[in-house]
Amino acid sequence: MTTLDTTTPPFVAALGQALDGTPLVVRRHLTLPERRALHRGPLRRLWSRGIAGWIAARLLNLNGGDRHSEAVFELRNELLEDDDQGIAMLWHRTHYSGTKVVSRVGVLRWDPVCRVLIDSIGKRKWLEVELVATIEDRAVIMTSRRQWLRLGRLRVPLPRIIFGTAQTREWEEPDGSLGLSLTLHHPLLGPYAGYEAALAPGDCP
């Protein structure tokens, strides 16, 4: 049963004991028993389609670098105290291809009132997204719900019919590494941008 507690890591609050049914590599990545972790590996796919994909790729830093297996993907996660809102997860996503470095940061927290995860994206938290976490075939799925653009203190809702939805998936690869994908989906245009990576734990300074 989902808990309302904000003193536990966001995914523990969102999924509770259901996390016990996920692979160890997924569970450790989401619960962060050592409070921070680094995962690194090949960026197997980085893609966009049409004008919607081009715009989303630029806004979310999904563009840049070559789109082949030589590109490297890195994800750093860390648990931290989020003022009066309990424990949050700071994430820092970077992908490298040659001399090209593309980076994005955000803060993920559990909202005990709305009972959803809130992902605040960007150094200034300009994009805010509600995420609903579920478990399917031992993989953890995060599907976006409402979204807002933050302009100072102003919070502007983004209509789903225009901006679509996003889904993140984490699973265990056959070799035991962590599979991670993001797919952006429009209700009329279908999937229009995303990435997929296979990651292994690394040394986190």
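Structure notes:
- Applied to the stretch 156-169, the Karplus parametrisation 6.51 cos²θ - 1.76 cosθ + 1.60 on θ = phi - 60° returns per-residue 3J(HN,Hα) values of 9, x, 9, x, 5, 5, 9, 9, x, 10, 10, 9, 10, 10 Hz, with x for Gly and Pro.
- Cα gyration tensor shape for the chain, rounded if a/c is under 1.5, else prolate or oblate: rounded
- In order along the stretch 24-38, the Karplus-derived 3J(HN,Hα) couplings, from 6.51 cos²θ - 1.76 cosθ + 1.60 at θ = phi - 60°, round to 4, 5, 6, 4, 5, 5, 8, 9, 6, x, 9, 6, 7, 7, 10 Hz, and Gly and Pro are given as x.
- Carbon and sulfur %, accessible surface of the chain computed with the full protein complex present, 1.4 Å: 53
- Efficiency of FRET between Arg36 and Asp137 - r from beta-carbon atoms, R0 25 angstrom, step 0.05: 0.35
- Shape of the stretch 138-205, Cα gyration tensor, a/c cut at 1.5: oblate
- Heavy-atom accessible surface of the chain, averaged per residue, reaches 53 Å², computed with a 1.4 Å probe.
- Note that the stretch 147-155 has calculated 3J(HN,Hα) couplings of 9, 9, 9, 9, 10, x, 8, 7, 10 Hz, one per residue in order, obtained from phi through the Karplus relation 6.51 cos²θ - 1.76 cosθ + 1.60 (θ = phi - 60°); glycine and proline are x.
The values are calculated or read from the model by the stated rules, or taken from the named source; none is laboratory data. These numbers were taken from a predicted model, which means no experiment stands behind them. Here the Cβ is made from the backbone with ideal geometry for all residues, glycine too, and neighbour counts use every protein chain on show. The area values use the complete protein model at the heavy-atom level, side chains included, leaving out ligands, DNA and RNA. Shrake-Rupley method; radii C 1.70, N 1.55, O 1.52, S 1.80 Å.
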